[in-house]
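The values are calculated or read from the model by the stated rules, or taken from the named source; none is laboratory data. Just so you know, these numbers come straight off a predicted model, no measurement behind them. FYI the Cβ positions are ideal-geometry reconstructions off the backbone, even for glycines, and counts take in every protein chain you see. Note: accessible area is taken over every heavy atom of the protein model, side chains too, but ligands, DNA and RNA are not part of it. Shrake-Rupley method; radii C 1.70, N 1.55, O 1.52, S 1.80 Å.
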Amino acid sequence: MKKVVVVGSLNMDLVIEVNRIPKIGETLKGERMNYLIGGKGANQAVAACRLGDEVTMIGCVGKDTFGDKILKHLNEEGINVNSVKSDDTTFTGIATIFKTKVDNSIVVIPGANEFCSRKLIDENIDLIKSADILITQLEIPIETVEYALKVAKENGVKTILNPAPARDIGDEILKNADFITPNETEFELICRKSIEDNKTLEKEMINWQDKHQNTRLIVTRGKEGSSYVENNAVKTVKAITVKVTDTTGAGDTFNGALAHGIINNYSMENIIGFAGTAASLSVTKLGAQTGMPTLEEVKKNYIKN
């Protein structure tokens, strides 16, 4: 069994279903409310675990009801949570998600995620050294992301950086990321260019990849699939068609499944096709983790080339 270490955020998601997003100063009547386990780190850990990989989570929660529920849930999923620190000086991270029939808007309050520090990485350095791959994102302090990637890279561990939520990142982080997985909005910030059409996207992807040859760029594009650069040309692997219920967590599913494909030595096209299929299946149910598929479900819907 391959080993995946996820360094990242753990949140309680408060999902509020509404017909539309309220305007500034407006009060709307919502339809219903759900409490769901989330955080990009926790989501990616669950996605990888459901695909049969051995997953360890490194992060922080508060010593509160939400923190207890998150740890219990992840443990039941089969994830090793011994390296998740419970801090009694703060509260567990919260994400408030306003979900409409077509999309969602999210407000994140980091809470304990801000306490995911370099010290925590040092305390778990042997776990990282023994991993096959490390996944991290940007819902924890940027210096921790940078350090975790550096430790992994120095010890021959493959690395995935999911640059979300969107923010500017420097070359120090990029040099230790084997794979980077922005969506189109995040890629605009990374390449520092405005992208208005597919032609511009492909041009900027090729330019960026040429400048960062040690980091494999994969741009996720929702229902259009995912694109990467090969032989100085952009290739796109189309997504499968599904009935969309909730897009929350689709990108996290993609990253967890991407890790599975990488450490099992799939070809680049099959890595992305496999991850894209997993992401597509994940949006068929409400909640970031609820629809995350098993290995059997992904294989049933994706035939390797």
Step by step: first the residues of the range 35-81, then only those that are modelled with pLDDT under 95 and out of contact with any Ser or Thr (no Cβ under 6 Å at 6 or more places or on another chain), then the one that is farthest from Val283 (Cα to Cα). Which residue is that? Tyr35
Picking from Lys175, Lys153, the residue that is touching a strand residue (DSSP E or B) at 6+ places or on another chain (Cβ under 8 Å) and surrounded by fewer than 18 Cβ atoms within 10 Å (Cβ to Cβ) would be Lys153
How many residues are β-branched (Val, Ile, Thr) and without any contact (Cβ under 8 Å) to a residue 24 or more places away in the chain if we restrict to the range 94-126? 3
Are any of the residues in the range 267-284 in contact (Cβ under 8 Å) with a residue 40 or more places away in the chain, assigned to a loop (DSSP other than H, G, I, E, B) and more than 22 Å from Pro182 (Cβ to Cβ)? yes
Just a yes or no: is a residue in the range 27-37 touching a residue at least 40 places away in the same chain (Cβ under 8 Å), within 18 Å of the chain's Cα centre (by Cα) and surrounded by fewer than 24 Cβ atoms within 10 Å (Cβ to Cβ)? yes
Hey, can you tell me all the residues within the range 212-257 that are farther than 18 Å from Cys191 by Cβ, assigned to a loop (DSSP other than H, G, I, E, B) and of a type in the set (Ser, Thr, Tyr)? Thr241, Thr245, Thr247, Thr248
Residues that are out of contact with any helix residue (DSSP H, G or I) (no Cβ under 9 Å at 6 or more places or on another chain) and among the hydroxyl-bearing types (Ser, Thr, Tyr): does the range 196-208 have at least one? yes
What about Phe274, is it within 20 Å of Asp103 (Cβ to Cβ) and open to solvent by less than 10 Å² (accessible area, probe 1.4 Å)? no
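Return the total of residues in the range 95-110 being over 13 Å from Gly8 (Cα atoms) and buried (at least 18 other Cβ atoms within 10 Å of the Cβ). Write out each step before concluding.
Just the residues of the range 95-110 that are over 13 Å from Gly8 (Cα atoms), to begin with: 95-109.
With buried (at least 18 other Cβ atoms within 10 Å of the Cβ) added as a condition, the list becomes 95, 97-99, 108.
Residues in the range 95-110 being over 13 Å from Gly8 (Cα atoms) and buried (at least 18 other Cβ atoms within 10 Å of the Cβ): 5 in total.
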Residues being open to solvent by less than 50 Å² (accessible area, probe 1.4 Å), closer than 21 Å to Val46 by Cα and either assigned to a loop (DSSP other than H, G, I, E, B) or modelled with pLDDT under 95 (or both): count how many of those fall in the range 115-147. 7
Restricting to the range 75-93, count the residues that are without any contact (Cβ under 8 Å) to a residue 60 or more places away in the chain, surrounded by 15 or more Cβ atoms within 10 Å (Cβ to Cβ) and small (Gly, Ala, Ser). 2
Counting only residues that are touching a Cys at 6+ places or on another chain (Cβ under 9 Å) and of a type outside the set (Gly, Ala, Ser), which one in the range 46-72 is surrounded by the fewest Cβ atoms within 10 Å (Cβ to Cβ)? Cys60
Could you say which residue among Ile58, Ile70 is in contact (Cβ under 8 Å) with a residue 40 or more places away in the chain, part of a strand (DSSP E or B), over 20 Å from Ile262 (Cα atoms) and of a type in the set (Val, Ile, Thr)? Ile58
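Can you tell me which residue within the range 2-26, out of those that are aliphatic (A, V, I, L, M) and either more than 23 Å from Asn162 (Cβ to Cβ) or in contact with a Phe, Trp or Tyr (Cβ under 8 Å, 6 or more places away or on another chain) (or both), is surrounded by the most Cβ atoms within 10 Å (Cβ to Cβ)?
Step one: list which residues in the range 2-26 are aliphatic (A, V, I, L, M), which gives 4-7, 10, 12, 14-16, 18, 21, 24.
The next check asks that each one be either more than 23 Å from Asn162 (Cβ to Cβ) or in contact with a Phe, Trp or Tyr (Cβ under 8 Å, 6 or more places away or on another chain) (or both); those that pass are 12, 14-16, 18, 21, 24.
Details: Met12: 25, Leu14: 17, Val15: 22, Ile16: 16, Val18: 17, Ile21: 13, Ile24: 4.
Restricting to residues being aliphatic (A, V, I, L, M) and either more than 23 Å from Asn162 (Cβ to Cβ) or in contact with a Phe, Trp or Tyr (Cβ under 8 Å, 6 or more places away or on another chain) (or both), the top hit is Met12.
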Name every residue in the range 70-115 that is hydroxyl-bearing (Ser, Thr, Tyr) and within 22 Å of Ala48 (Cβ to Cβ), in order of residue number. Ser83, Thr92
